[in-house]
Amino acid sequence: MTENIRTLLTIITEASLESTLTRELERLGAHGYTITDARGKGRRGVRDAEFDAESNIRVEVICSEQTAATITRTLRERYYGNYAMIMFTQQVTVMRPEKF
């Protein structure tokens, strides 16, 4: 079953980055992604998504460990300094590995 192991990269960031991020993800080798609205509270306060300019998104990418490392390195370098963004990875078992 180890051939079905992939990396789930989760990015939580400002909604204003959505179109930029989707282009970056494709350029960096992601085959696909899922984006959902996100709300919560963190170091920068409450993000309740009442206004588009203040809302957050959660971007999930299932990919190889190498692709996840490339994406996280690039996003950290380009966006961490100026945008609210967190990223984390998890190993997941996928049921259709040919899709990733």
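Here the Gaussian network model covers the chain, with springs between Cα atoms less than 10 Å apart; of GLU14, GLU24, GLU54, GLU54 fluctuates the most. If one takes the longest principal axis of the Cα atoms in the chain, at what angle in degrees, from 0 to 90 and to the nearest 10, does the Cα axis of helix 18-27 lie? So the inclination is approximately 20 degrees. Entry for segment 61-100 at q = 0.22, 0.24, 0.26, 0.29 Å⁻¹: log10 I(q)/I(0) = -0.75, -0.83, -0.91, -1.02, Debye formula applied to identical alpha-carbon scatterers, no solvent contribution.
Averaged per residue, what accessible area in Å² does the chain show with a 1.4 Å probe, protein chains only?
About 65 Å² of surface per residue is accessible.
Over every Cα atom in the chain, the radius of gyration and the widest Cα-Cα span, Dmax, amount to 14.0, 44 Å.
The values are calculated or read from the model by the stated rules, or taken from the named source; none is laboratory data. This is a predicted model, so every value here is computed, not measured. With ligands, DNA and RNA removed, areas are computed over all heavy atoms of the protein, side chains included. Shrake-Rupley method; radii C 1.70, N 1.55, O 1.52, S 1.80 Å.
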